[in-house]
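**Q** Okay, here's the structure, questions in a sec.
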Amino acid sequence: MTTRPEKPGERQVPLPTLLAQAKDLTIEQLHRRLHEEGFDGVRFRHGSVFRFVDPEGSRLTVLAERSGFSKQAIAEVVDELERFGYVERTADPGDRRAKLIRLTERGQAGQLAAARILGDMERMWARHFGRDGIDMLRRMLEEIIARRDE
């Protein structure tokens, strides 16, 4: 499938489709590199915890709210990450009945590795497309996200 029509009347791939494909490729490369570095088992759905957990830990309900997933779905992700040794459940000091989800040392290392790998990818893109191009892409995507309710 081409991104630009080669012939009159040929259809162009919709921009949202291209954005989704670029995201998929980025996540695929991120997970491959994490696996190469020994962070086994990390999958796309785990981002619903890794991306939203506070350094001091977060309640399940907060993770669900931030990620947009149900509490049940987040609980399943937390169970899986706990089995892999990336998170732990601890008592919430503010409410002993509640639990906090916290990254373990392994989870923190994985989160740092992911940030480094994503930074590496962005630097590679900047070498290929120029820093100005990447900065413009970032600004445009931030604007699209900011205008999501329009």
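The values are calculated or read from the model by the stated rules, or taken from the named source; none is laboratory data. Since the structure is predicted, the reported quantities are computational estimates derived from the model, not experimental observations. As a convention, Cβ positions derive from the backbone with ideal geometry for all residues, glycine included, and neighbour counts pool all protein chains shown. Heads up: the accessible areas ignore ligands, DNA and RNA and are worked out on the full protein's heavy atoms, side chains in. Shrake-Rupley method; radii C 1.70, N 1.55, O 1.52, S 1.80 Å.
**Q** Considering only protein heavy atoms, with the full assembly of protein chains and a 1.4 angstrom probe, order Arg96, Arg33, Arg59 by accessible area, largest first.
**A** So the residues, ranked largest to smallest area, are Arg96, Arg59, Arg33.
**Q** Is there a quick way to get the dipole size of the chain? I mean about its Cα centre, with the Cβ of Lys and Arg at +1 and of Asp and Glu at -1; what is the value in debye to the nearest 20?
**A** Rounded to the nearest 20 debye, it is 100 debye.
**Q** Next question. Over the chain, with every protein chain in place, what whole percent of the accessible area is carbon and sulfur at 1.4 Å, could you tell me? Walk me through the numbers on the way to the answer.
**A** Working: 5760 of 10730 Å².
With neighbouring chains kept in place, the figure for the chain is 54 percent.
**Q** Specify the angular offset, from 0 to 90 degrees and rounded to the nearest 10, of the alpha carbon long axis of helix 131-146 from the longest principal axis of the alpha carbons in the chain.
**A** For helix 131-146, the angle is close to 60 degrees.
**Q** A further question follows. With unit charges on the beta carbons (Lys and Arg positive, Asp and Glu negative) and the dipole taken about the Cα centre of segment 17-110, which residue among Val53, His31, Ala73 sits farthest to the positive side?
**A** Comparing the listed Cα positions along the dipole, Ala73 ranks first.
**Q** Consider the candidate values (1) 1.18; (2) 1.28; (3) 1.10; state which one is Cα Rg over 2.2 N^0.38 Å computed from the structure displayed.
**A** (2)
**Q** Where the centre of each part is set by its Cα atoms, how far does segment 70-106 sit from segment 26-64, in angstrom?
**A** Answer, in whole Å: 13.
**Q** Then there is this: Send over a whole-number figure in Å² for the accessible area per residue of segment 55-140, probe 1.4 Å. Walk me through the numbers on the way to the answer.
**A** Values: 5580 Å² over 86 residues.
On a per-residue basis, segment 55-140 sits at 65 Å².
**Q** To continue, here is another question. Sort 119-127, 39-47 for me by packing, meaning the mean count of neighbouring Cβ atoms within 10 Å per residue, highest on top.
**A** 39-47, 119-127
**Q** For the ranges 112-118, 21-27, what's the packing order if you count other beta-carbon atoms within 10 Å of each residue, average per peptide, and put the highest first? Working shown, then result.
**A** On the way: 112-118: 15.3, 21-27: 12.4.
The most tightly packed comes first, giving 112-118, 21-27.
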